[in-house]
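Let me begin by presenting the structure, written as structure tokens, before commenting on it.
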Amino acid sequence: MLNRIRWARHEETIAGWICALPWILGFLIFTAGPMVISLYISFHEYNVLQPPLYIGFENYIRMFDGGPESELFWKSLYNTVYMTVIGVPLTLLVALLSALLLNVPVKGQALFRTCFYVPSIVPLVANSLLWMWLLNSRYGILNMVLGFFGIKGPAWLASPVWSKPAMILMSAWQCGSPMLIFLAGLQGIPNSLYEAARVDGASGLKQFTHITLPLLTPTIFFNLIMGIINTMQIFVRGYIMTNGGPADSTLFYVLNLYFNAFRYFRMGYASALAWILFIIVLVVTLIQVRFSERWVHYEL
């Protein structure tokens, strides 16, 4: 009897490994493998056409030695941090307000939710082309609307001052994914809490600050982490809409990495850039997790 039980458990273990094997192989081949190779190449001078030449930490030193690569490194890092610090909170705020509106039971609620979510599923390339037209300084719709109110619209993508705010505006428009998560969080809050608050005479604002917001902090925390990770890897908009310009104002970190790897064939330096980005994202995420205990509430 014991042998049968042990054999049954053994069969279950084998079946489990077989089911997980495709994912494990995919992870080893397409994720872990390239990461190990990238770490190896980051210590080499490698232009794809010739064998890697070991140069130690020289690729990492270039980022901080004050040379041309260092200037572009700090510029791209600044542009990416700018997008993260300003763009992520604004996008989350728009997503939260949209979720609050879409959580109100009204006629045609499903249609409104669909309309708000659709921009987030449109491919980024198509979105970039659309916003290039909307933000055109001469015949763009946005500047035409501003002109109706007597406001002269800026050059947007052609201006170093307005290029990043233009892309932040685009990010806020594509807030469908965090909005959907906020909406799920709102629907997970028991109605009995609001009913008890209304009986006690709590206003709508007090219900929001004392019930909705505290119980929504885990959702805010998740969206914040995902938003920062995604924004730190921003690439398509800067590549399609401005190609890093004007005056490197939209040369984002990953775009700089891409140029070094596939335009200048500095694979070693590009790999070093990738590992620095990995460390930055890891440290920022760990800091958020560490301080989340102070403001994230998992129960009222």
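Values quoted throughout were computed directly from the atomic coordinates according to the rules given, and no laboratory measurement underlies them. Quick caveat: nothing in here was measured; it's all calculated off a predicted structure. Quick reminder, even Gly has a Cβ in these numbers, built from the backbone with ideal geometry, and neighbours come from all protein chains shown.
Order these by the 10 Å Cβ neighbour count, fewest first: Arg263, Arg198, Arg294. Intermediate results must be reported in sequence, preceding the final value.
Numbers: Arg263 9, Arg198 12, Arg294 6.
If I rank by nearby Cβ atoms, fewest first, I get Arg294, Arg263, Arg198.
Which shape class, rounded, prolate or oblate, goes with the chain when its Cα gyration tensor gives a ≥ b ≥ c as root eigenvalues, a/c under 1.5 marks rounded, and past that a/b bigger than b/c marks prolate? Please report the intermediate quantities before stating the final value.
Values: a/c = 2.05, a/b = 1.09, b/c = 1.88.
Taking the square roots of the gyration eigenvalues as a ≥ b ≥ c, the chain is oblate.
Just want the ordering: His44, His10, His210, from fewest to most Cβ atoms lying within 10 Å of their own Cβ.
Details: His44 19, His10 10, His210 14.
Fewest-to-most ranking of His44, His10, His210: His10, His210, His44.
Just Pro68, Pro52, Pro119 to compare: in a GNM of the chain, with alpha carbon springs under 10 Å, which one fluctuates most?
Highest fluctuation among the options: Pro68.
Name the residue from Pro34, Gln233, Ala95 whose Cα lies farthest towards the positive end of the charge dipole of the chain, charges +1 on Cβ of Lys and Arg and -1 on Cβ of Asp and Glu.
After comparing all options, I get Ala95.
Which of these, Ala272, Ala184, Ala172, has the largest mean-square fluctuation under a Gaussian network model of the chain (Cα springs below 10 Å)?
Ala184
Divide by every residue of the chain the summed helix terms, -39500 (n - 2.57) for each DSSP H run of at least 4, and state the resulting mean residue ellipticity at 222 nm, rounded to the nearest 500 deg cm²/dmol. Mind dumping the intermediate values first?
On the way: 15 runs with 189 residues, N = 300.
Helix-only estimate at 222 nm: -20000 deg cm²/dmol.
Taking K and R as +1 and D and E as -1, what net charge do the other residues with C-beta under 10 Å from the C-beta of Glu69 add up to? Spell out each step's value before the answer.
On the way: positive: Arg62, Arg266; negative: Asp65, Glu71.
Here the count lands on 0.
What does the C-alpha gyration tensor say about the overall shape of region 1-137? Classify as rounded when a/c is under 1.5, otherwise prolate if a/b is larger than b/c, or oblate.
Oblate, since a/c reaches 1.5 and b/c is not below a/b.
Quick one: 3J(HN,Hα) in Hz for region 117-126, Karplus 6.51/-1.76/1.60 with θ = phi - 60°, rounded, Gly and Pro as x.
8, 3, x, 6, 9, 6, x, 4, 5, 5
How much net charge surrounds Arg266 when only the other residues with a Cβ under 11 Å from the Cβ of Arg266 are counted, with Lys and Arg +1 and Asp and Glu -1? Numbers along the way, then the final one.
Values: positive: Arg62, Arg263; negative: Glu45, Glu69.
Residues near Arg266 contribute 0 overall.
With the contact rule set at Cα under 8 Å and sequence spacing of 6 or more, what percent relative contact order holds for the chain?
Details: 310 pairs, mean separation 79.7, N = 300.
Across the chain, relative contact order equals 27 percent.
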